[in-house]
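Comments concern the structure below.
The values are calculated or read from the model by the stated rules, or taken from the named source; none is laboratory data. Here the structure is a predicted model, which means the values were calculated and not measured. Cβ placement follows ideal geometry from the backbone for every residue including glycine, while neighbour counts extend to all protein chains displayed. Surface accessibility is based on the protein's heavy atoms, side chains included, excluding ligands, DNA and RNA. Shrake-Rupley method; radii C 1.70, N 1.55, O 1.52, S 1.80 Å.
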Amino acid sequence: MKKITIIGAGTMGNGIAHTFAQKDFKVSIVDISDDNLQKAVATISKNLDRMVAKEKITSEEKIKTLKNIDTTTDFNQGVANSDLVVEAATENVELKLKIFKDLDGICKPETILATNTSSISITQIANVTNRKDKVIGMHFMNPVPIMKLVEVIRGKQTSDESTNTIMQLSKELNKIPVEVNDAPGFVANRILMPMINEAIYTLEENVSDVEGIDTVMILGMSHPMGPLHLADFIGLDVCLSILQVMHEGFNDEKYKPSPLLIKMVKNGELGIKTGQGFYDYSDGPRNKRVADQFKK
Ligand SMILES: NC(=O)c1ccc[n+]([C@@H]2O[C@H](COP(=O)([O-])OP(=O)(O)OC[C@H]3O[C@@H](n4cnc5c(N)ncnc54)[C@H](O)[C@@H]3O)[C@@H](O)[C@H]2O)c1
């Protein structure tokens, strides 16, 4: 594995690119938006600065990491000669199916096609390609440079060889991979999203306010951050898409997204990435204030 292509330069794409580049892989990031590509490189640079300040890496390592990254809006150019593609575009089934069909047509036959999807079936994605044995889930956690887990998801026809390659590669990135089977939401979001959804229902029914709900879970359950803050961190649009995939996939009302979540996504209140979610981030992502509408 020498060249890695990341499709999508959003919250996850920039973190995945950062992680590979820091381990000296050559990384191309592809996005339809030049603006998002520029923001991704700026975010990576800022995050590397923070690591230098904390003496986790040297400034030479920062320069080397940035040199390993190039960006393009030209899909063909970005994926040419890639040994591995990690798709981290918007969580939308139709979009991902189209991307994988295109990737299958352009990439070398031996290229492994991985997706960072949070919930969409790996088998369904693999079925639009002629390399079902080489399609796999590589589900990084946010923020990627810090979080240790990679959920490695096998589709029905993913080969042992592809699985072993991705498990080994995850270890080379200093991550801890866990192999799981294909089911809506896999393991992480199957358990996490119902909790976040329930926290939003609890807010909607005025059982407590935003800070109250998050404080109960932080102090009472020893969670490092509350579920509403975590939802802002993930992106409320991403949470909604995952719940919709699980609601349809299991045909079970217990995964039905809460009306407040749907309303906030419609209003463009997507969390940290838009500066407004359950908390207000207009002072920056690390300085959250409780959003006015949820103050008692
Ligand atoms: N946000 C999280 O905490 C989190 C965690 C784990 C996995 N994921 C998954 O990672 C994926 C990306 O999520 P995100 O939060 O980074 O989303 P995001 O909205 O921050 O970024 C998505 C990016 O994809 C780009 N894009 C859209 N269509 C494209 C195309 N055809 N080609 C190239 N780029 C395209 C968009 O321009 C945008 O920059 C999703 O599948 C999501 O479920 C998200």
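The table that follows gives values for the structure above.
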item	result
Pairs with Cβ under 6 Å, 6+ apart, first in the stretch 232-249 and free of Cβ contacts under 8 Å to residues at least 40 places away in the same chain, second more than 10 Å from the ligand (Cβ to nearest atom) and not in a helix (DSSP H, G or I)	L240/P257; H247/K256
Meets criteria (buried (at least 19 other Cβ atoms within 10 Å of the Cβ), touching a Cys at 6+ places or on another chain (Cβ under 7 Å) and assigned by TED's automatic domain parsing to the domain that holds P257) for I196	yes
Residues satisfying the stated conditions in the stretch 68-108, i.e. in contact with a Leu (Cβ under 9 Å, 6 or more places away or on another chain), away from the ligand (no atom under 14 Å from the Cβ) and outside any loop (DSSP other than H, G, I, E, B)	L84, D104
Selected residue [of a type in the set (S, T, N, Q) and either open to solvent by less than 50 Å² (accessible area, probe 1.4 Å) or at pLDDT 95 or above (or both)] from T65, T11	T65
Residues (in a helix (DSSP H, G or I) and free of Cβ contacts under 8 Å to residues at least 40 places away in the same chain) located in the stretch 172-213	I191, L192, M195, E198, A199, T202, G212, I213
Single residue of the stretch 109-128 satisfying the filter (more than 16 Å from the ligand (Cβ to nearest atom) and in a loop (DSSP other than H, G, I, E, B)) that is surrounded by the most Cβ atoms within 10 Å (Cβ to Cβ)	T111
